[in-house]
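Right, one structure below, let's go through it.
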Amino acid sequence: MISVENLSKIYSLGRVKVRALDDVSMDISEGEMIGVMDKSGSGKSTLLRQLGLIDWPTTGKIMMDYQDITNLPENRRSRLRLSRLGYIFQEYALLPELTAQENVCLPAMMLGKKRKQYHAHSLQLLELVGLKDRITHRPRELSGGEQQRVAIARSLVNNPEIIFADEPCANLDSVASEVVMETLARLNKELKVTVVFVSHDPDDKKYAKKLIFLKDGKIVPKYLNLSSK
Ligand SMILES: Nc1ncnc2c1ncn2[C@@H]1O[C@H](COP(=O)(O)OP(=O)(O)OP(=O)(O)O)[C@@H](O)[C@H]1O
Ligand SMILES: [Mg+2]
């Protein structure tokens, strides 16, 4: 589904260069649930930003369905991002003045869809993440875990094939974290959405079918395939 070849990202800060990703090659197959783990500063967020077409790699190639998508022009890139990829960030990134449901609808509106194409769907998604009774709440009227579940519903509104979640539970307590991770696991299992998540918490290993460890921007060559477990 996605294949990454020799991906590197070098940040230049004046004369200082940080090699945040160093020659990473990997494949993401349909239906996988991949956990990206390891220490702070190892390049996890950088990897997700390149895979999710939020940033531009310095060198290397990203292929989706055998098509090179590394250097697509911005309009095609953002259309691909909106229609086929979903994102969940550590800090939820909801718009404070919009209700839960309006936040969920936003990526569909950005694709120019008509209200009838997303309105009922947004309600179903909020129900799916257990927030049927919170649709008119604004982010400040929701708990952290609830806000993150709105963000999950939002990531699903355009029926993406793959979801990238960068430390979705970093700001949550253990109970809310479990609900969020269980929700992601359910999407993977029931809706067959491919999920790539980043986590610091060793407990979250149990949600992954495959684990990737990053050290100094490199993949530690020990791929742990847990799906046969
Ligand atoms: N915009 C940037 N400019 C310069 N350096 C950066 C930038 N973003 C990240 N870095 C550096 O790249 C390296 C990898 O950062 P990254 O955010 O990918 O790490 P991470 O594994 O996600 O860490 P954490 O677990 O703390 O979120 C770090 O050394 C960081 O300081
Ligand atoms: Mg990070």
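The values are calculated or read from the model by the stated rules, or taken from the named source; none is laboratory data. Note that the structure is a prediction, hence the values are computed from the model and not measured. Every residue, glycine among them, receives a Cβ derived from its backbone with ideal geometry; neighbour counts consider all protein chains shown. Quick note on the areas: whole protein, heavy atoms, side chains included, nothing else; ligands and nucleic acids left out. Shrake-Rupley method; radii C 1.70, N 1.55, O 1.52, S 1.80 Å.
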Placing +1 on each Lys and Arg Cβ and -1 on each Asp and Glu Cβ in the chain, then taking the dipole about the Cα centre, the residue among Gly41, Val129, Asn103 whose Cα reaches farthest towards the positive end is Asn103
With region 79-121 reduced to its Cα atoms and the Debye formula applied, log10 I(q)/I(0) at q = 0.32 1/Å amounts to -1.22
Out of Leu85, Gly145, Gly60 - ranked by how far each Cα lies towards the positive end of the dipole of the chain, with unit charges on the beta-carbon of charged residues - the top one is Gly60
Excluding residues fewer than 8 positions from Lys17 in its own chain, the aspartates and glutamates with Cα under 14 Å of it are Asp216
Quick calc, region 74-164, dipole around Cα centre from Cβ unit charges on Lys, Arg (+) and Asp, Glu (-), nearest 20 debye, gives 460
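How many percent of the alpha carbon pairs in region 75-172 exceed a separation of 17 Å? List each step's numbers first, then the result.
Numbers: 2202 of 4753 pairs.
For region 75-172, the fraction of Cα-Cα distances above 17 Å is 46 percent.
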Taking the reciprocal of mean 1/r across every pair of different Cα atoms in region 24-143, the Kirkwood radius in Å is 16.8
Within the chain, excluding any chymotrypsin sites (Phe, Trp or Tyr not before Pro) found in a DSSP loop (not H, G, I, E or B) and having at most 14 other Cβ atoms within 10 Å, the longest uninterrupted segment runs 67-222
Rounded to the angstrom and largest first, Cα extents along the principal axes for region 108-229 equal 47, 29, 29
Treating only Lys and Arg (+1) and Asp and Glu (-1) as charged, each at its beta carbon, one finds that the chain has a dipole about its Cα centre, in Debye to the nearest 20, of 480
Taking placed amide H atoms and a strict 5 Å upper bound, the residues 5 or more places from Lys218 or on another chain that come that close are Asp22
With Rh as the Kirkwood radius over Cα pairs, region 15-93 has Rg/Rh of 0.95
With a Förster distance of 25 angstrom and the Cβ-Cβ distance between Glu91 and Lys205, calculated FRET efficiency to the nearest 0.05 equals 0.60
With label points set 7 Å from each Cα along the Cα-to-Cβ direction at Ser12 and Asp133, the distance between them in nm comes to 5.6
Per residue, accessible area of region 1-134 with a 1.4 Å probe, heavy atoms of protein chains only, in Å², comes to 53
Per DSSP, the loop-located trypsin sites (Lys or Arg not before Pro) within region 1-60 having at most 13 other beta carbons within 10 Å are Arg15, Lys39
Violations at 30 Å Cα threshold for listed pairs Lys44/Lys132; Lys44/Lys192; Lys61/Lys210; Lys114/Lys206; Lys44/Lys206; Lys113/Lys218 -> Lys44/Lys132; Lys114/Lys206; Lys113/Lys218
Per-residue accessible area, 1.4 Å probe, largest first, puts Ser177, Ser122, Ser40 in the order Ser40, Ser177, Ser122
Counting only protein heavy atoms and leaving out ligands, DNA and RNA, the solvent-accessible surface of Arg154 at a 1.4 Å probe, in Å² to the nearest 10, equals 30
Ordering Glu161, Glu141 by the accessible surface of their heavy atoms, 1.4 Å probe, largest first, yields Glu141, Glu161
Expected unfolding gain across Lys189-Asp27 under the 0.36 nm per residue rule, minus the alpha-carbon gap, is 56.4 nm
Taking max minus min of the Cα coordinates of the chain on each principal axis, largest first, gives extents in Å of 47, 39, 39
